[in-house]
Amino acid sequence: MKIIILGAGQVGGTLAEHLVTEGNDITVVDTDAERLKELQNRLDIRTVRGKASYPHILEQAGGDDADMLVAVTNSDEVNMVACQVAHSLFKTPTKISRIRAQEYSQTEELFGNHGVPIDVFISPEQVVTNYIKRLLEFPGALQVLDFADNRVKLVGTKAYYGGPLVGQELRYLREHLKSGIDTRVAAIYRKGQAILPVANTVIEVDDEVFFIAATKDIRIVMAEMRRSEQAYKRIIIAGGGNIGARLAQALEPHYNVKLIDHNRSRCERLSEKVKSKTIIMNGSATDKELLLESNIENCDVFCALTNDDEVNVMSSMLAKQLGARKVMTLINKAQYVDLVQGQNIDIAISPSQTTIGSLLTHVRRGDVANVHSLRRGAAEAIEAIAHGDKSTSKVVGRRLDQIDLPEGSTIGAIVRNELVLIAHGDVVIESEDHVILFVLDKKRIPEIERLFQVELGFF
């Protein structure tokens, strides 16, 4: 596809990197010449310097024949105007926009056929908030992803010494589980290297294990990988910006929440915005005395969510040193995420990698309902919907062991209406099934897309 990306920041740059490796024709527009030069030196893309909402800039970027426009500049207003220009002047078929302000995104009648012509709008702050919320719901998880309207979850967790399955072959996993509970291990990362699991694969201590199961069974399956952890109750949030404020609002009905922010006027606004249950504290999250005053030693999870990576890392390390049970740290520079996640920082979160799946969902060919980036972009989990019949589809009417999947790919589960079927060789795919796949080699994505495209006879 020919895709124009407006904005060369972390999200725009990461999206360009994902899409160019899959053979798409990518043009990136930004006002920052240095950033565009850096991207062009690294990726096989075109770049245009200029304001993304100007008609002549969009024309230079190839607006006349673009298949898709993705507006992810730092300005909601520029993104919206750019989509309007693309619609009015170039009739661009698909327009995706980042909308950060809740004042816009919560007004549904603003968008659509009779409003601003945006086909899909994405709020990175809300995506990250939901991501953290899911991690808090499942103590011990490194990543929690939803599929098929929350009927199925994919969970990544670290295998610890003493876990019932550690040192055992995967073939014995089903024997360990209670009757009626099923799961499939989709991928294992050992010392940073991906392993596609087979029946005789042995789980080792410190492996990162990604498994899929029906949502109702997730906690039982997690207990096979590691010792069960107590539920989180006390949460401290550092940073009262868009993400911190949204998270506090989402958590306060179920957790004891304290929020720290250095800006006094913002603290006053937050105290009006959140309910009285959240305690607002004015000061620096790197202030040892303030953290002690907040009872950091009794904190279950410390979430560092400021806009400053250095503050996030330093406050997280200090919180851990002072006794916080777990720390989650927002890292805006995606390349630093793997460097900081480890002994002192339990989970490092990259907003751009967390958001990218929401964008890729609308870029994929075929009927794709969900795309999630695994292990910070190293792999992908895709929820594709099967259509057609045996004569028009390469998957419908076939047993899973008859489907010619690309190397490094595996099917994890099939969701048929309310029924969750964990993937085994004798399962037959039916039309309208939601098929959840894992792709370790992202260069194989186009082959997966072709598998789920129906032949012309279907129409």
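Each peptide among 84-96, 4-16 gets the average number of other Cβ atoms lying within 10 Å of its residues, and from highest to lowest they stand as 4-16, 84-96. Ignoring lysines fewer than eight residues from Lys91 along the same chain, the ones with Cα atoms less than 17 angstrom from its Cα are Lys2. With both residues required to sit in the chain, DSSP beta bridges show an antiparallel share near 50%. When the inverse distances between all different Cα atoms of the range 128-225 are averaged and flipped, the Kirkwood radius reads 13.6 angstrom.
Straight-line reach from Lys51: taking Cα to Cα under 19 Å and skipping same-chain neighbours fewer than 8 places apart, the aspartates and glutamates in range are Asp30, Asp32, Glu34, Glu38, Glu59, Asp64, Asp76, Glu77. Note on the chain: helix-only mean residue ellipticity at 222 nm, from DSSP H runs of 4+ residues weighted -39500 (n - 2.57) and normalised by residue number, equals -8000 deg cm²/dmol. When each of the peptides 120-133, 69-82 is scored by how many other beta carbons lie within 10 Å of its residues on average, the order from highest to lowest is 69-82, 120-133.
Pairs exceeding a 27 Å alpha-carbon distance, out of Lys158/Lys273; Lys153/Lys443; Lys178/Lys258: Lys158/Lys273; Lys178/Lys258.
Each part gets one Cα centre, and for the range 213-287 versus the range 57-118 those centres are 33 Å apart. Evaluated with a Cβ-only charge set (Lys, Arg +1; Asp, Glu -1), the chain carries a dipole of roughly 820 debye about its Cα centre, given to the nearest 20.
If you take all other residues with their beta carbon under 12 Å from the beta carbon of Ala61, and give Lys and Arg +1 and Asp and Glu -1, the sum is -1. Which of rounded, prolate, oblate describes the range 2-122, given a ≥ b ≥ c as roots of the alpha-carbon gyration tensor eigenvalues and a/c under 1.5 marking rounded, otherwise prolate only if a/b is larger than b/c? Cα axes put the range 2-122 in the prolate bin. Remark: the Cα gyration tensor places the chain in the oblate category, a/c being 1.5 or greater and a/b not exceeding b/c. Think of the range 360-458 as a dipole: +1 on every Lys or Arg Cβ, -1 on every Asp or Glu Cβ, centred on the Cα centre; then among His424, Ser409, Ser373, Ser373 lies furthest on the positive end. For Glu418 and Tyr161, the FRET efficiency from 1/(1 + (r/R0)^6), where r spans their Cβ atoms and R0 equals 41 Å, is about 0.60.
None of the figures in this text is laboratory data; all of them are computed from the coordinates on show. None of the values given here were measured: they were computed from a predicted structure. All Cβ positions, glycine included, derive from the backbone under ideal geometry; neighbour counts span all protein chains shown.
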